[in-house]
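Notes follow once the structure below has been shown.
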Amino acid sequence: MKNKISIWFNIIVAALFLINIFSMDTSGKENKKVKTTSGWTQIPKIMSEISLPKFPDRNFNILKFGAVSDGKSLNTDAINNAINVCSESGGGTVVIPKGEFLTGAIHLKSNVNLHISEGAILKFSTNPKDFLPAVLVGWEGSICMNYSPLIYAYGQKNIAVSGKGIIDGQASNESWWKWKTLSGDKESRPRLLKLNDEKVPFEKRIFGDGYYLRPTMIEFFKCKNILIEGVTLKDSPFWFLHPILSSNITIDGVKTNSIGPNTDGCDPEFCSDVIIKNCVFSDGDDCIAIKSGRNNDGRKINIPSKNIIIKDCTMKDGHGGVSIGSEVSGGCNNVYVENCQMNSPALDRMLRIKSNAKRGGVVEDIYVRNIKIGQVKGAIVELNMNYDPKEAKGFSFYPIIKNIYIENVTSQKSQNAFYFEGLPNSNIKNVIIRNCKFDGVKADFKISNTKNLELKNVYINGKIINNQYSKSK
(Lines give C-alpha, C1' and ligand atoms only; values in the text may rest on other atoms or scores of the structure.)
Protein backbone atom coordinates (compact mmCIF):
# COMPACT_ATOMS: atom_id res chain seq x y z
CA MET A 1 0.00 0.00 0.00
CA LYS A 2 2.80 2.42 0.92
CA ASN A 3 4.57 1.65 -2.37
CA LYS A 4 1.40 2.48 -4.34
CA ILE A 5 0.97 5.79 -2.51
CA SER A 6 4.62 6.61 -3.18
CA ILE A 7 4.24 5.80 -6.89
CA TRP A 8 1.13 7.99 -7.22
CA PHE A 9 2.80 10.79 -5.27
CA ASN A 10 5.78 10.72 -7.65
CA ILE A 11 3.47 10.72 -10.68
CA ILE A 12 1.57 13.78 -9.39
CA VAL A 13 4.81 15.63 -8.63
CA ALA A 14 6.15 14.85 -12.11
CA ALA A 15 2.90 16.01 -13.73
CA LEU A 16 2.97 19.29 -11.81
CA PHE A 17 6.59 19.76 -12.83
CA LEU A 18 5.75 19.24 -16.53
CA ILE A 19 2.79 21.63 -16.33
CA ASN A 20 5.07 24.23 -14.79
CA ILE A 21 7.72 23.70 -17.48
CA PHE A 22 5.26 24.09 -20.35
CA SER A 23 3.80 27.27 -18.86
CA MET A 24 7.23 28.96 -18.80
CA ASP A 25 9.65 30.03 -21.48
CA THR A 26 13.36 29.30 -21.31
CA SER A 27 14.01 32.43 -19.27
CA GLY A 28 11.54 31.39 -16.57
CA LYS A 29 8.84 33.91 -17.52
CA GLU A 30 5.23 33.24 -18.47
CA ASN A 31 4.78 31.80 -21.93
CA LYS A 32 4.18 34.83 -24.16
CA LYS A 33 2.23 32.75 -26.68
CA VAL A 34 -0.41 31.97 -24.09
CA LYS A 35 -0.48 35.60 -22.96
CA THR A 36 -0.81 36.91 -26.50
CA THR A 37 -3.80 34.69 -27.16
CA SER A 38 -5.49 35.17 -23.82
CA GLY A 39 -5.20 38.95 -23.87
CA TRP A 40 -7.62 39.42 -26.73
CA THR A 41 -10.18 37.20 -25.02
CA GLN A 42 -10.73 39.97 -22.46
CA ILE A 43 -12.57 42.16 -24.98
CA PRO A 44 -16.05 40.60 -24.47
CA LYS A 45 -15.74 41.15 -20.73
CA ILE A 46 -14.74 44.80 -21.23
CA MET A 47 -17.57 45.31 -23.71
CA SER A 48 -20.04 43.91 -21.18
CA GLU A 49 -19.09 46.77 -18.85
CA ILE A 50 -19.79 49.44 -21.52
CA SER A 51 -23.40 50.43 -22.13
CA LEU A 52 -24.95 53.36 -23.97
CA PRO A 53 -26.77 56.02 -21.99
CA LYS A 54 -30.53 56.13 -22.48
CA PHE A 55 -32.63 59.28 -22.63
CA PRO A 56 -36.38 59.90 -22.32
CA ASP A 57 -38.13 60.66 -25.60
CA ARG A 58 -38.39 64.41 -24.98
CA ASN A 59 -36.88 67.18 -27.10
CA PHE A 60 -35.91 70.66 -25.99
CA ASN A 61 -35.22 72.85 -29.02
CA ILE A 62 -32.94 75.75 -28.14
CA LEU A 63 -34.97 78.08 -30.38
CA LYS A 64 -37.76 77.88 -27.81
CA PHE A 65 -35.32 79.16 -25.20
CA GLY A 66 -34.44 82.25 -27.21
CA ALA A 67 -31.51 81.02 -29.31
CA VAL A 68 -30.82 82.91 -32.56
CA SER A 69 -29.22 81.19 -35.55
CA ASP A 70 -27.41 84.14 -37.10
CA GLY A 71 -23.88 83.01 -36.20
CA LYS A 72 -23.32 86.32 -34.36
CA SER A 73 -25.65 86.46 -31.36
CA LEU A 74 -24.26 84.80 -28.24
CA ASN A 75 -26.54 81.89 -27.28
CA THR A 76 -24.78 80.70 -24.12
CA ASP A 77 -27.72 81.39 -21.79
CA ALA A 78 -30.33 79.93 -24.13
CA ILE A 79 -28.42 76.66 -24.58
CA ASN A 80 -27.57 76.24 -20.89
CA ASN A 81 -31.15 77.07 -19.87
CA ALA A 82 -32.41 74.37 -22.22
CA ILE A 83 -29.94 71.89 -20.69
CA ASN A 84 -30.97 72.79 -17.13
CA VAL A 85 -34.70 72.47 -17.85
CA CYS A 86 -34.14 69.19 -19.69
CA SER A 87 -32.16 67.70 -16.81
CA GLU A 88 -34.56 68.95 -14.14
CA SER A 89 -37.45 67.44 -16.11
CA GLY A 90 -35.86 64.00 -15.92
CA GLY A 91 -33.76 64.19 -19.07
CA GLY A 92 -34.10 64.09 -22.81
CA THR A 93 -32.50 65.65 -25.88
CA VAL A 94 -31.48 69.28 -26.23
CA VAL A 95 -31.64 69.99 -29.96
CA ILE A 96 -29.33 72.35 -31.82
CA PRO A 97 -31.31 72.71 -35.06
CA LYS A 98 -30.04 73.55 -38.53
CA GLY A 99 -28.25 76.92 -38.59
CA GLU A 100 -25.22 78.65 -37.07
CA PHE A 101 -25.26 79.23 -33.34
CA LEU A 102 -22.53 81.18 -31.54
CA THR A 103 -21.97 80.33 -27.89
CA GLY A 104 -19.65 80.45 -24.92
CA ALA A 105 -19.11 77.60 -22.45
CA ILE A 106 -21.79 74.89 -22.39
CA HIS A 107 -22.19 72.86 -19.19
CA LEU A 108 -23.87 69.51 -19.72
CA LYS A 109 -26.03 67.93 -17.00
CA SER A 110 -27.12 64.39 -16.18
CA ASN A 111 -29.55 62.61 -18.49
CA VAL A 112 -29.09 65.14 -21.30
CA ASN A 113 -28.18 64.37 -24.90
CA LEU A 114 -26.85 67.50 -26.63
CA HIS A 115 -27.79 66.80 -30.25
CA ILE A 116 -26.14 68.75 -33.06
CA SER A 117 -28.52 68.28 -35.97
CA GLU A 118 -27.37 67.76 -39.54
CA GLY A 119 -26.81 71.21 -41.02
CA ALA A 120 -26.18 72.75 -37.60
CA ILE A 121 -22.92 74.48 -36.73
CA LEU A 122 -22.25 75.11 -33.07
CA LYS A 123 -19.62 77.86 -33.16
CA PHE A 124 -17.69 78.80 -30.05
CA SER A 125 -16.62 82.29 -29.16
CA THR A 126 -12.91 83.13 -29.20
CA ASN A 127 -13.34 85.64 -26.36
CA PRO A 128 -11.74 84.02 -23.28
CA LYS A 129 -14.19 85.79 -20.95
CA ASP A 130 -17.00 83.68 -22.41
CA PHE A 131 -15.40 80.66 -20.69
CA LEU A 132 -15.45 82.02 -17.16
CA PRO A 133 -15.88 81.44 -14.28
CA ALA A 134 -13.01 78.97 -13.94
CA VAL A 135 -13.82 75.30 -13.32
CA LEU A 136 -11.82 72.29 -12.19
CA VAL A 137 -10.04 70.72 -15.17
CA GLY A 138 -7.13 68.56 -16.15
CA TRP A 139 -4.46 70.44 -18.08
CA GLU A 140 -1.59 68.46 -19.58
CA GLY A 141 -1.80 65.97 -16.73
CA SER A 142 -2.06 68.51 -13.90
CA ILE A 143 -5.28 69.49 -12.11
CA CYS A 144 -6.23 73.16 -11.70
CA MET A 145 -8.96 75.78 -11.89
CA ASN A 146 -8.97 77.14 -15.43
CA TYR A 147 -11.13 78.41 -18.26
CA SER A 148 -14.12 76.16 -18.82
CA PRO A 149 -13.81 73.67 -21.64
CA LEU A 150 -16.09 74.55 -24.54
CA ILE A 151 -18.44 71.70 -23.54
CA TYR A 152 -17.97 70.65 -19.91
CA ALA A 153 -19.53 68.34 -17.36
CA TYR A 154 -18.47 67.61 -13.79
CA GLY A 155 -19.83 64.72 -11.75
CA GLN A 156 -22.65 63.97 -14.19
CA LYS A 157 -23.98 60.67 -15.54
CA ASN A 158 -25.87 59.55 -18.63
CA ILE A 159 -24.70 62.31 -20.95
CA ALA A 160 -24.14 62.55 -24.68
CA VAL A 161 -23.04 64.79 -27.52
CA SER A 162 -24.48 63.43 -30.74
CA GLY A 163 -25.63 64.23 -34.25
CA LYS A 164 -24.30 64.84 -37.74
CA GLY A 165 -23.61 68.53 -37.24
CA ILE A 166 -20.38 70.44 -36.70
CA ILE A 167 -18.80 71.75 -33.52
CA ASP A 168 -16.40 74.54 -34.45
CA GLY A 169 -13.95 75.83 -31.86
CA GLN A 170 -12.94 78.63 -34.26
CA ALA A 171 -9.39 78.52 -32.91
CA SER A 172 -6.67 79.99 -35.12
CA ASN A 173 -3.23 81.56 -34.98
CA GLU A 174 -4.96 84.87 -34.31
CA SER A 175 -6.86 83.57 -31.27
CA TRP A 176 -6.30 80.55 -29.03
CA TRP A 177 -3.38 78.94 -30.82
CA LYS A 178 -1.02 81.85 -30.21
CA TRP A 179 -1.31 80.94 -26.52
CA LYS A 180 0.97 77.99 -27.22
CA THR A 181 3.87 80.46 -26.99
CA LEU A 182 2.25 82.74 -24.41
CA SER A 183 1.74 79.81 -22.02
CA GLY A 184 5.50 79.78 -21.53
CA ASP A 185 5.05 82.90 -19.41
CA LYS A 186 6.38 82.03 -15.95
CA GLU A 187 2.95 82.61 -14.39
CA SER A 188 1.16 80.18 -16.71
CA ARG A 189 2.41 76.71 -17.65
CA PRO A 190 5.67 76.90 -15.62
CA ARG A 191 3.67 77.98 -12.56
CA LEU A 192 1.27 75.05 -12.93
CA LEU A 193 4.16 72.60 -13.16
CA LYS A 194 5.68 74.18 -10.03
CA LEU A 195 2.40 73.80 -8.14
CA ASN A 196 2.32 70.16 -9.20
CA ASP A 197 5.90 69.66 -7.97
CA GLU A 198 5.04 71.34 -4.66
CA LYS A 199 1.86 69.27 -4.20
CA VAL A 200 -0.32 72.34 -3.75
CA PRO A 201 -4.02 71.37 -3.33
CA PHE A 202 -5.89 71.37 -6.63
CA GLU A 203 -8.49 73.96 -5.63
CA LYS A 204 -5.75 76.48 -4.79
CA ARG A 205 -4.27 76.36 -8.27
CA ILE A 206 -6.18 79.29 -9.74
CA PHE A 207 -5.71 80.10 -13.42
CA GLY A 208 -8.19 81.27 -16.04
CA ASP A 209 -8.48 85.05 -16.49
CA GLY A 210 -5.08 86.62 -17.07
CA TYR A 211 -3.28 83.35 -17.74
CA TYR A 212 -2.62 81.45 -20.96
CA LEU A 213 -3.79 77.87 -20.47
CA ARG A 214 -6.02 77.00 -23.42
CA PRO A 215 -9.32 75.18 -22.77
CA THR A 216 -10.13 71.76 -24.20
CA MET A 217 -13.11 71.34 -26.53
CA ILE A 218 -15.08 68.61 -24.71
CA GLU A 219 -14.09 67.59 -21.18
CA PHE A 220 -16.15 65.34 -18.96
CA PHE A 221 -14.65 65.24 -15.44
CA LYS A 222 -15.72 62.51 -12.96
CA CYS A 223 -18.59 61.41 -15.19
CA LYS A 224 -19.96 58.03 -16.20
CA ASN A 225 -22.16 56.59 -18.93
CA ILE A 226 -20.91 58.83 -21.73
CA LEU A 227 -21.62 58.84 -25.47
CA ILE A 228 -19.99 61.08 -28.09
CA GLU A 229 -21.31 60.08 -31.49
CA GLY A 230 -21.36 61.22 -35.09
CA VAL A 231 -20.28 64.82 -34.70
CA THR A 232 -17.52 66.57 -36.65
CA LEU A 233 -15.15 68.59 -34.49
CA LYS A 234 -12.87 71.25 -35.93
CA ASP A 235 -10.30 73.81 -34.80
CA SER A 236 -10.19 73.19 -31.07
CA PRO A 237 -8.20 75.59 -28.88
CA PHE A 238 -6.44 72.59 -27.28
CA TRP A 239 -7.25 68.86 -26.93
CA PHE A 240 -10.51 67.83 -28.63
CA LEU A 241 -11.94 65.07 -26.40
CA HIS A 242 -10.78 64.74 -22.82
CA PRO A 243 -12.74 62.43 -20.55
CA ILE A 244 -10.98 62.44 -17.17
CA LEU A 245 -11.62 60.28 -14.09
CA SER A 246 -14.61 58.87 -15.98
CA SER A 247 -15.92 55.45 -16.97
CA ASN A 248 -18.27 53.66 -19.36
CA ILE A 249 -17.40 55.77 -22.39
CA THR A 250 -18.36 55.26 -26.05
CA ILE A 251 -16.87 57.46 -28.76
CA ASP A 252 -18.31 56.41 -32.10
CA GLY A 253 -18.09 57.88 -35.60
CA VAL A 254 -16.50 61.16 -34.55
CA LYS A 255 -14.27 63.21 -36.86
CA THR A 256 -11.62 65.61 -35.59
CA ASN A 257 -9.81 68.06 -37.83
CA SER A 258 -7.26 70.67 -36.78
CA ILE A 259 -3.72 71.76 -37.57
CA GLY A 260 -3.39 73.71 -34.33
CA PRO A 261 -0.75 72.99 -31.67
CA ASN A 262 -1.60 70.32 -29.10
CA THR A 263 -4.93 69.58 -30.75
CA ASP A 264 -4.96 65.90 -29.76
CA GLY A 265 -7.96 63.98 -31.04
CA CYS A 266 -8.96 61.97 -27.96
CA ASP A 267 -7.16 61.78 -24.61
CA PRO A 268 -8.87 59.54 -22.04
CA GLU A 269 -7.19 60.17 -18.67
CA PHE A 270 -7.66 58.09 -15.50
CA CYS A 271 -10.49 56.39 -17.45
CA SER A 272 -11.76 52.82 -17.63
CA ASP A 273 -14.11 50.88 -19.89
CA VAL A 274 -13.71 52.97 -23.02
CA ILE A 275 -14.40 52.16 -26.66
CA ILE A 276 -13.28 54.43 -29.48
CA LYS A 277 -14.53 53.19 -32.84
CA ASN A 278 -15.29 54.25 -36.41
CA CYS A 279 -13.56 57.60 -35.89
CA VAL A 280 -11.40 59.67 -38.23
CA PHE A 281 -8.57 61.70 -36.70
CA SER A 282 -6.52 64.41 -38.37
CA ASP A 283 -4.80 66.46 -35.70
CA GLY A 284 -2.00 68.81 -34.80
CA ASP A 285 -0.75 66.36 -32.17
CA ASP A 286 -1.53 62.75 -31.21
CA CYS A 287 -4.66 61.25 -32.75
CA ILE A 288 -5.31 59.27 -29.56
CA ALA A 289 -3.20 59.76 -26.42
CA ILE A 290 -4.04 57.74 -23.34
CA LYS A 291 -2.97 59.46 -20.13
CA SER A 292 -3.09 59.14 -16.33
CA GLY A 293 -1.70 62.33 -14.83
CA ARG A 294 1.63 64.06 -14.69
CA ASN A 295 4.25 63.57 -12.00
CA ASN A 296 2.95 64.09 -8.44
CA ASP A 297 -0.64 64.62 -9.55
CA GLY A 298 -0.70 61.28 -11.34
CA ARG A 299 0.87 59.51 -8.41
CA LYS A 300 -1.52 61.16 -5.95
CA ILE A 301 -4.65 60.18 -7.89
CA ASN A 302 -3.05 56.80 -8.70
CA ILE A 303 -5.72 55.49 -11.06
CA PRO A 304 -4.49 53.78 -14.23
CA SER A 305 -6.29 54.20 -17.52
CA LYS A 306 -7.41 50.71 -18.44
CA ASN A 307 -9.75 48.53 -20.45
CA ILE A 308 -9.64 50.71 -23.55
CA ILE A 309 -10.64 49.39 -26.98
CA ILE A 310 -9.72 51.25 -30.17
CA LYS A 311 -11.07 49.75 -33.37
CA ASP A 312 -11.99 50.52 -36.98
CA CYS A 313 -10.52 54.02 -36.86
CA THR A 314 -8.61 56.04 -39.45
CA MET A 315 -5.62 58.12 -38.38
CA LYS A 316 -4.32 60.78 -40.74
CA ASP A 317 -2.16 63.69 -39.57
CA GLY A 318 -0.75 63.56 -36.04
CA HIS A 319 2.27 62.83 -33.89
CA GLY A 320 1.08 59.31 -33.06
CA GLY A 321 -1.80 57.18 -34.31
CA VAL A 322 -2.13 55.70 -30.82
CA SER A 323 0.06 57.10 -28.04
CA ILE A 324 0.27 56.33 -24.34
CA GLY A 325 1.77 59.14 -22.28
CA SER A 326 3.74 61.13 -21.81
CA GLU A 327 1.62 62.10 -18.80
CA VAL A 328 1.13 58.55 -17.58
CA SER A 329 2.30 58.65 -13.95
CA GLY A 330 -0.78 56.74 -12.80
CA GLY A 331 -0.14 53.91 -15.24
CA CYS A 332 -2.02 52.28 -18.10
CA ASN A 333 -3.01 48.70 -18.87
CA ASN A 334 -5.26 46.55 -21.02
CA VAL A 335 -5.37 48.58 -24.22
CA TYR A 336 -6.57 46.89 -27.42
CA VAL A 337 -6.04 48.42 -30.87
CA GLU A 338 -7.31 46.62 -33.95
CA ASN A 339 -8.47 47.02 -37.53
CA CYS A 340 -7.27 50.59 -37.99
CA GLN A 341 -5.79 52.40 -40.97
CA MET A 342 -3.05 55.00 -40.72
CA ASN A 343 -1.58 56.96 -43.58
CA SER A 344 -0.10 60.43 -43.92
CA PRO A 345 3.28 62.07 -44.58
CA ALA A 346 2.38 64.15 -41.51
CA LEU A 347 1.74 61.13 -39.24
CA ASP A 348 4.81 60.35 -37.15
CA ARG A 349 4.17 56.89 -35.67
CA MET A 350 1.68 54.04 -35.42
CA LEU A 351 2.20 53.26 -31.72
CA ARG A 352 4.08 55.46 -29.29
CA ILE A 353 4.57 54.88 -25.56
CA LYS A 354 6.49 57.66 -23.83
CA SER A 355 7.53 58.61 -20.31
CA ASN A 356 10.65 59.45 -18.29
CA ALA A 357 12.17 59.18 -14.82
CA LYS A 358 10.18 62.14 -13.50
CA ARG A 359 6.84 60.98 -14.83
CA GLY A 360 7.18 57.23 -14.21
CA GLY A 361 4.12 54.98 -14.50
CA VAL A 362 3.58 51.32 -15.33
CA VAL A 363 2.42 50.68 -18.90
CA GLU A 364 1.63 47.04 -19.55
CA ASP A 365 -0.52 44.63 -21.51
CA ILE A 366 -0.91 46.60 -24.72
CA TYR A 367 -2.28 44.67 -27.72
CA VAL A 368 -2.20 45.78 -31.36
CA ARG A 369 -3.28 43.80 -34.42
CA ASN A 370 -4.51 44.13 -37.99
CA ILE A 371 -3.22 47.62 -38.73
CA LYS A 372 -2.65 48.87 -42.29
CA ILE A 373 -0.17 51.72 -42.68
CA GLY A 374 0.45 53.61 -45.87
CA GLN A 375 3.24 55.72 -44.47
CA VAL A 376 4.51 57.30 -41.28
CA LYS A 377 7.51 59.62 -41.16
CA GLY A 378 9.08 58.25 -37.97
CA ALA A 379 9.19 54.81 -36.39
CA ILE A 380 6.26 52.44 -36.73
CA VAL A 381 6.60 51.50 -33.05
CA GLU A 382 8.32 53.80 -30.56
CA LEU A 383 8.79 52.82 -26.93
CA ASN A 384 10.60 55.66 -25.19
CA MET A 385 11.47 55.86 -21.50
CA ASN A 386 13.71 58.87 -22.07
CA TYR A 387 11.16 61.37 -23.37
CA ASP A 388 12.25 64.93 -22.54
CA PRO A 389 15.46 63.80 -20.80
CA LYS A 390 16.29 67.29 -19.54
CA GLU A 391 13.14 67.29 -17.40
CA ALA A 392 13.95 63.86 -15.95
CA LYS A 393 17.45 64.70 -14.76
CA GLY A 394 17.90 63.90 -11.08
CA PHE A 395 14.65 61.93 -10.68
CA SER A 396 14.19 58.20 -10.12
CA PHE A 397 10.50 57.50 -10.74
CA TYR A 398 11.57 55.01 -13.37
CA PRO A 399 8.78 54.08 -15.78
CA ILE A 400 7.97 50.47 -16.59
CA ILE A 401 6.99 49.39 -20.09
CA LYS A 402 6.27 45.70 -20.53
CA ASN A 403 4.08 43.13 -22.23
CA ILE A 404 3.55 44.75 -25.61
CA TYR A 405 2.02 42.47 -28.26
CA ILE A 406 1.88 43.47 -31.93
CA GLU A 407 0.75 41.30 -34.83
CA ASN A 408 -0.42 41.53 -38.42
CA VAL A 409 0.76 45.06 -39.12
CA THR A 410 1.80 46.15 -42.61
CA SER A 411 3.48 49.38 -43.64
CA GLN A 412 4.61 50.79 -46.97
CA LYS A 413 6.94 53.57 -45.82
CA SER A 414 8.64 54.70 -42.60
CA GLN A 415 11.93 55.96 -41.22
CA ASN A 416 12.37 53.09 -38.75
CA ALA A 417 10.52 49.90 -38.03
CA PHE A 418 11.18 50.20 -34.28
CA TYR A 419 12.67 52.73 -31.92
CA PHE A 420 13.02 51.32 -28.39
CA GLU A 421 14.83 53.35 -25.75
CA GLY A 422 14.70 51.86 -22.28
CA LEU A 423 16.71 52.99 -19.26
CA PRO A 424 19.65 51.17 -17.64
CA ASN A 425 17.67 51.11 -14.39
CA SER A 426 14.42 50.02 -16.04
CA ASN A 427 14.57 48.04 -19.26
CA ILE A 428 11.68 47.67 -21.68
CA LYS A 429 10.51 44.08 -21.23
CA ASN A 430 8.55 41.45 -23.10
CA VAL A 431 7.78 42.86 -26.52
CA ILE A 432 6.42 40.36 -29.04
CA ILE A 433 6.02 41.34 -32.70
CA ARG A 434 4.69 38.72 -35.08
CA ASN A 435 3.53 38.31 -38.66
CA CYS A 436 4.34 41.86 -39.75
CA LYS A 437 5.64 43.26 -43.01
CA PHE A 438 7.34 46.65 -43.16
CA ASP A 439 8.43 47.94 -46.57
CA GLY A 440 10.09 51.21 -47.51
CA VAL A 441 12.00 51.34 -44.20
CA LYS A 442 14.99 53.66 -44.32
CA ALA A 443 16.90 52.63 -41.18
CA ASP A 444 15.55 49.32 -39.80
CA PHE A 445 15.47 49.75 -36.00
CA LYS A 446 17.16 51.26 -32.97
CA ILE A 447 17.02 49.23 -29.76
CA SER A 448 18.58 49.92 -26.36
CA ASN A 449 17.96 48.67 -22.82
CA THR A 450 15.37 46.15 -23.97
CA LYS A 451 14.90 42.60 -22.71
CA ASN A 452 12.90 39.73 -24.17
CA LEU A 453 12.12 41.15 -27.57
CA GLU A 454 10.73 38.48 -29.86
CA LEU A 455 10.41 39.01 -33.60
CA LYS A 456 8.70 36.18 -35.48
CA ASN A 457 7.79 36.27 -39.16
CA VAL A 458 8.70 39.93 -39.29
CA TYR A 459 9.83 41.21 -42.68
CA ILE A 460 11.71 44.49 -43.12
CA ASN A 461 12.20 45.50 -46.73
CA GLY A 462 11.57 41.93 -47.80
CA LYS A 463 14.11 40.41 -45.40
CA ILE A 464 12.83 38.17 -42.63
CA ILE A 465 13.93 39.11 -39.11
CA ASN A 466 13.41 36.27 -36.65
CA ASN A 467 15.28 36.98 -33.45
CA GLN A 468 14.52 36.71 -29.77
CA TYR A 469 16.49 39.14 -27.60
CA SER A 470 16.87 37.72 -24.11
CA LYS A 471 19.42 40.28 -22.97
CA SER A 472 19.52 44.04 -22.89
CA LYS A 473 20.76 45.50 -26.17
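Annotations
- Residue, farthest from LYS98 (Cα to Cα), within the stretch 157-210, restricted to residues that are free of Cβ contacts under 8 Å to residues at least 60 places away in the same chain and of a type in the set (Val, Ile, Thr): VAL200
- Counted residues, the stretch 420-433 - those being touching a strand residue (DSSP E or B) at 6+ places or on another chain (Cβ under 7 Å) and in contact (Cβ under 8 Å) with a residue 40 or more places away in the chain: 8
- The residue that is nearest to the chain's Cα centre (by Cα), among those in the stretch 135-171 that are of a type in the set (Phe, Trp, Tyr) and over 18 Å from SER87 (Cβ atoms), is TRP139.
- Enumeration of residues in the stretch 331-356 that are among the hydrophobic types (A, V, I, L, M, F, W, C) and either outside the structural domain of ILE288 (by TED's automatic domain parsing) or in contact with a strand residue (DSSP E or B) (Cβ under 7 Å, 6 or more places away or on another chain) (or both): CYS332, VAL335, VAL337, CYS340, MET342, LEU347, MET350, LEU351, ILE353
- Criterion violated by ILE50 - all others in (1) at pLDDT below 95; (2) touching a Ser or Thr at 6+ places or on another chain (Cβ under 8 Å) satisfied: (1)
- Test: GLN412 is at pLDDT 95 or above, assigned by TED's automatic domain parsing to the domain that holds ASP444 and out of contact with any Asp or Glu (no Cβ under 9 Å at 6 or more places or on another chain): no
The values are calculated or read from the model by the stated rules, or taken from the named source; none is laboratory data. Worth saying up front: this structure is predicted, and the values here are computed from it rather than measured. In this analysis, Cβ positions are derived from the backbone assuming ideal geometry, glycine residues included, and neighbour counts consider all displayed protein chains.
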